[in-house]
């Protein structure tokens, strides 16, 4: 009798365990089962916004994800507003967010309360980009030398240069050119590359820092011209534009854009998106329709190698900000 009861109890436990496993297994395997939000922490029209919308375009064309994937812009605070929103959502894989240098830089500047490692999951670095110094077609400056000479002639305040955000890649590039060029340039921050371009074309600033994909249309239309590129080598698509190093100014300004999420999202979610994004980046629409046309480099990096890269860059930014006196005081 006792043996029969014990057997019945074990049988019941096994049935319950199998039922739970059956319920949990398909649920995990079926991710995603509802719409996914891609948070862009900058205004529409900038490089990050353009990249995320291209990701969605490829996902839809190739039918890579079985649920709607939507870009949501939440700008403000040089990316802090949107990123804070994203990491405070449930970390279940249904809210992804654009990650970049700003994750570490805004923490170092004291503009964000997050921890760049603990509060974010770095899923996949998609592209690397460079900076151009551009002026509108009506500008009297046709070369970088003419631009800097005019700034010196104006004395304190010099000329104004627009860029995206405070404490980010654009402002650091501006500081570097100010130092190496021995000139005073006033940096004017905006919420996105789109706003930067609008203000430059409107004549509200003398020049602007812009990624090629943010201004390639205006360059081709003759609305703006590039004075120099802050890169190691000239760009193939803009081969007539000299590098700043060629002109005697040691200014290199590159940035990366990636897909991330709040910290500690399930590994299965990370693996899912790595797979989706890897398929997306191998399509002609991505390679030719986006990378090539936008003068971007494939920056594919995932896993521990990506986290190592982010950590090393954080330490480099920390050194630069300390030298510039911009590091937050603890």
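The values are calculated or read from the model by the stated rules, or taken from the named source; none is laboratory data. Predicted, not measured: the structure shown is a model, and the values here were computed from it. Here the Cβ positions follow ideal geometry from the backbone for every residue, glycine too, while neighbour counts run over all protein chains shown.
Just the residues that are within 14 Å of the chain's Cα centre (by Cα) and buried (at least 21 other Cβ atoms within 10 Å of the Cβ), please, taken from the range 122-166. Steps first, please.
Our first condition is that a residue be within 14 Å of the chain's Cα centre (by Cα); within the range 122-166, this holds for 122-131, 164-165.
Scanning the range 122-166 gives 122, 123, 124, 125, 126, 127, 129, 130, 131, 164, 165.
How about the range 176-195: which of its residues are in contact (Cβ under 8 Å) with a residue 60 or more places away in the chain and surrounded by fewer than 17 Cβ atoms within 10 Å (Cβ to Cβ)?
180
Given the residues 301, 291, which is the only one that is crowded, with 17+ Cβ neighbours inside 10 Å, under 20 Å from the mean Cα position of the chain (by Cα) and not in a strand (DSSP E or B)? Please lay out each step first, then the result.
Working: 301 fails: not in a strand (DSSP E or B).
Just one listed residue meets the conditions, 291.
Can you list the strands (runs of 3 or more DSSP E) lying wholly within the range 44-130 that have 3 or more residues being at pLDDT below 95 and within 25 Å of residue 195 (Cα to Cα)? Write out each step before concluding.
Numbers: elements: 69-73, 95-99, 120-130.
Once the strands (runs of 3 or more DSSP E) in the range 44-130 are filtered for at least 3 residues that are at pLDDT below 95 and within 25 Å of residue 195 (Cα to Cα), what remains is 120-130.
For the range 231-246, what are the residues that are over 13 Å from residue 296 (Cα atoms) and either touching a helix residue (DSSP H, G or I) at 6+ places or on another chain (Cβ under 8 Å) or not in a loop (DSSP other than H, G, I, E, B) (or both)?
If the condition is that a residue be over 13 Å from residue 296 (Cα atoms) and either touching a helix residue (DSSP H, G or I) at 6+ places or on another chain (Cβ under 8 Å) or not in a loop (DSSP other than H, G, I, E, B) (or both), then 242, 243, 244 are the ones that fit.
Given the conditions (1) modelled with pLDDT of 95 or more; (2) in contact with a helix residue (DSSP H, G or I) (Cβ under 8 Å, 6 or more places away or on another chain); (3) assigned to a loop (DSSP other than H, G, I, E, B); (4) not assigned by TED's automatic domain parsing to the domain that holds residue 45, which single one is not true for residue 138?
The one condition residue 138 does not meet is (2).
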